[in-house]
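Report on one structure; see the data block that follows.
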């Protein structure tokens, strides 16, 4: 619906600077003519408007238009409707251009009333009813009386002889006053005594000033005080009854030079509102009459060219239940809601000659002399003396050092000495001293700017707020830190954020300060959250990163009378802090707060909280947890407010400031209506089509009366989709009406519909339901009243109780019938069987006799057969014995044949195994024998002896493997375990197979650390390592590498690895590795290289030590055999190393600091090499030959010895000095 807002500002404050805004909203119906002649509100709450294009009913969201329907007697009788009236029974009486009818709201139809059968058309101007329910009708032909009980119509005064007499007899207006009926005609005022029928006429007498001001009476109105107001074509009369019973006429006319007189003498309509203001509609504007000053306030198009009525001719004024005034003009309807602008608004600086606006207000306070101080952006500081009606403005003057230093004031406060302390936006702190000397007043400013090189100055140029103690100490919150200013000593003490000290303030940008107690302050920061400051200790308690209060940007803090702390934030809403329980509670937009940006917090006398936000003002009741929000339409200076611009005076007046001025109000003056409006059902639809009253749908009449008068609706299960529309009959601001519903039978809780005023249900199951609707609005308390309707959905006949009962009875009856039929059938069958049994019995007796005869013959034949059977049995026994003997002989022959076959196969396998075993033993012994026999004569004797000795030991090891594997298969291997140095055993094993390595060019690297001690039998472990190394050499190609590694496990074991770079073990052969003669078994898939007994021995020996053995292999990359041994005690072993096949004890070299400094760069370079890069290492060591230090030379010698063993671990140990 389109609205046009007409605003008229009226100066009404005693202070002379507040503005009262009267707003008229114009509605364009879009339903035809905008000319409205009469308005009323019925008992339900619907608004009715009479137009020249039918009768309109308005529910706040839509209009329903009633017009005449051809050949339909229960429709409106004419398109042009003049007047309307609701009687005591709720019937709506309608006076139209062609007669009278009334509307039945229950059936929603019209009944036409014939006023006079002699008149085809009669125009109705006015309708009223007396206490007895008699309807009085003013028409163009005079006054009529209609008895609603007898339906009798009677003419009270009529002259039909002449057409020109119609004007004289026309009754334009009626008013009931007890037993008197006042009648307004074109020829004067009449008074009818209803009981006696006597009529008295009052006319204008130009000689008598106490007579009617004009005979052409257009409108009558009786006010709350029983005074009669008479509107004529030449002024307004107030009629009262004097003591002698005579009427007194007080005249009101337009006075051209008096702006507080009527705007026109042609009076068209009258109405007195609930505040006893009389509204007068004329042909030249709207007037409001106030009895207190006997003056009129005029509203017409001539007041302001920017905001004006589009027509100054008014036809009707009416006030509904919510005090909204409806004004019908020649160009439509205007609405005035006196409760809409609730908050007084101040935008102009008072008591000055030139117009000056309050712009971006940031601060208020009232001093001890009741002067009111206001400051803001580019406003300077303003002091308003209401008592003397004076205003003083302090602005910055660059030429005057004794002027305020900035025009942008963020806050100002008065100390107990009457000094004004001023927080500027860019010039630090200011003090204004006011000195009164007789009639002269001196104003002195003292400046405290931020000075970079002066520690005795404020930390910040921008001061956001201050807190003044009783002793004169000022606590200053700025954008660069927190200050304490000792005004007695004129000293500043600074408090800054320190990331390494959690007892410092959490941020240097301080926004607000509030007192917790005499020795504690609450401080709100930007970016650092909330802090509690102890004045005595100078320590801060931070509340940042607290999961209960996530806000980092604090805009306002207030402690209320119940010791609760309220915190306004930027973006996180409002927090309540209960210090007793140390709990935070958050309230945000989801709980009803208008905005999550809260600038100001004030507590009223009823302990409610008022909040200025980025979206208006919020009122919060801490007990009910309910927010009520107000916006610009309620008179706020703008939607947005400013931080620090909030204040409560000593007389509890509240102030909130923003961009366009400020609002000042007393909390009790902001009323919320206690009576919530009515919500009614307005339509019922099935499959999105409205259901009409009394009209059959599929043979059913669903509505016998209007939906808002219907308690129960009966639906069929085929009515899958149906809907209800409803409306809140409150016209103050229909757009903000919200709804909730509950469908009992489906949901037990209320569900929110928002502003949607309809609800649709689909596929409800047959059952009983109760639909409840309630409404809510910020203009009144939450409405717990609701409208309800019962919905009964009947099931299909096969799901009804009677149908199920009938089916049950039919089933029981059928069972009984079937049972009875079955009993009769059984009886007949029994008789039949009885007869049949008798027949069969006689037949059986005859057959039995025949059987007896046959039996005798059979017995004789049986005796003969028995003799023959005995003879055959003797022969059969002889044959069975012979057959059994032959069977046993055959089985014995087959068993012997199978045994011979198995023994033959075993002999073949043993022969093959013997050949394989012999071949492997010969192969294993051939290599060492060849080495012994083919040693060159020129070979070094020592190396020759070593080669012969190592070859002999290898052959001995192979023989010992064969013997031990055979021995320990049946006998447990008993070992004598001792703590041994693992590295030395590995060195000996490597030495034993050195000749094999040299033969294939394989390098064996021993990486076992000197410190590893194990509990072993040394000779057995040495054989295990020799077998694993021999196995690795066989499968490692020439030039390969074999690694021996070991590490300490966390479970007290040592794990040893022998890793080669050979061909690897196929996955399908892995299970044969540790089996006896596993190589022989595997010969079909490869070349025979060994007996495989060495690995079998390794498994036996490791398990006898209490360890485990296994391997990891990848074909083509190599195999890593591993086994575990128990850790030994290093205290029982003296650590040794092998040098040139000799063991020697490891001695520690104690270097001096000077020697360490010499070796440090050398060691750094050596650590970049491995022990195998001997040439590079020896080249570096030559650089140390010039040093004569014994320790250094001993260290060089040890490294060179280690290069011969190629032990990487020992090499790294030597580098760790």
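The values are calculated or read from the model by the stated rules, or taken from the named source; none is laboratory data. Predicted model only: the values in this text are computed from it and were never measured. Cβ coordinates were reconstructed from backbone atoms using ideal geometry, including for glycine residues, and neighbour counts include every protein chain displayed.
Can you tell me how many residues in region 602-629 are farther than 13 Å from residue 592 by Cβ, under 27 Å from the mean Cα position of the chain (by Cα) and surrounded by 21 or more Cβ atoms within 10 Å (Cβ to Cβ)?
Adding up the residues that qualify gives 3.
Can you run down the residue pairs with Cβ atoms below 8 Å, 6 or more apart or on separate chains, where the first is in region 493-520 and free of Cβ contacts under 8 Å to residues at least 12 places away in the same chain and the partner is surrounded by fewer than 21 Cβ atoms within 10 Å (Cβ to Cβ) and assigned to a strand (DSSP E or B)?
Every condition considered, the pairs that remain are 493/484; 493/486.
Taking region 571-583, which residues are in contact with a strand residue (DSSP E or B) (Cβ under 7 Å, 6 or more places away or on another chain), surrounded by fewer than 19 Cβ atoms within 10 Å (Cβ to Cβ) and outside any loop (DSSP other than H, G, I, E, B)?
576
Conditions: (1) surrounded by 18 or more Cβ atoms within 10 Å (Cβ to Cβ); (2) closer than 21 Å to residue 984 by Cα; (3) at pLDDT 90 or above. Residue 1111 meets all but one. Number of the miss?
It is condition (2) that residue 1111 fails.
When residue 160 is evaluated against the numbered criteria (1) at pLDDT below 90; (2) exposed (fewer than 13 other Cβ atoms within 10 Å of the Cβ); (3) assigned to a loop (DSSP other than H, G, I, E, B), which criterion, by number, is the only one it fails?
(2)
Looking for something within 28 Å of residue 1068 (Cα to Cα) and at pLDDT 85 or above - is there at least one such residue anywhere in region 1127-1144?
no
Suppose the filter is modelled with pLDDT under 95, within 59 Å of the chain's Cα centre (by Cα) and on the phi > 0 side of the Ramachandran plot; does residue 285 pass it?
yes
Please determine, by comparing only the residues of region 262-282 that are in contact with a strand residue (DSSP E or B) (Cβ under 6 Å, 6 or more places away or on another chain) and in a loop (DSSP other than H, G, I, E, B), which one is nearest to residue 233 (Cα to Cα).
My answer is 266.
If residue 1067 satisfies every condition in (1) modelled with pLDDT under 85; (2) closer than 28 Å to residue 1002 by Cα; (3) more than 60 Å from the chain's Cα centre (by Cα) but one, which is the exception?
Residue 1067 satisfies every listed condition except (3).
Report whether or not residue 703 is more than 39 Å from the chain's Cα centre (by Cα), within 29 Å of residue 321 (Cβ to Cβ) and surrounded by 18 or more Cβ atoms within 10 Å (Cβ to Cβ).
yes
Go through region 319-337 and count every residue that is assigned to a strand (DSSP E or B) and under 15 Å from residue 26 (Cα atoms).
Qualifying residue count for the region: 10.
Only one of 197, 231 is assigned to a loop (DSSP other than H, G, I, E, B) and within 19 Å of residue 138 (Cα to Cα); which?
Answer to the selection: 197.
Specify the residue that is nearest to residue 994 (Cα to Cα); the eligible residues are those in region 1158-1207 that are part of a helix (DSSP H, G or I) and in contact with a strand residue (DSSP E or B) (Cβ under 7 Å, 6 or more places away or on another chain).
1205
Please go through region 207-226 and pick out each residue that is under 17 Å from residue 276 (Cα atoms) and crowded, with 19+ Cβ neighbours inside 10 Å.
Result: 220, 221.
Quick one: which of 306, 399, 340 is over 23 Å from residue 421 (Cβ atoms), modelled with pLDDT of 90 or more and outside any strand (DSSP E or B)?
The unique qualifying residue is 399.
Which fully enclosed strands (runs of 3 or more DSSP E) of region 504-566 have 1 or more residues being closer than 21 Å to residue 425 by Cβ and modelled with pLDDT of 95 or more?
Passing ranges, in order: 510-517, 520-525, 554-559.
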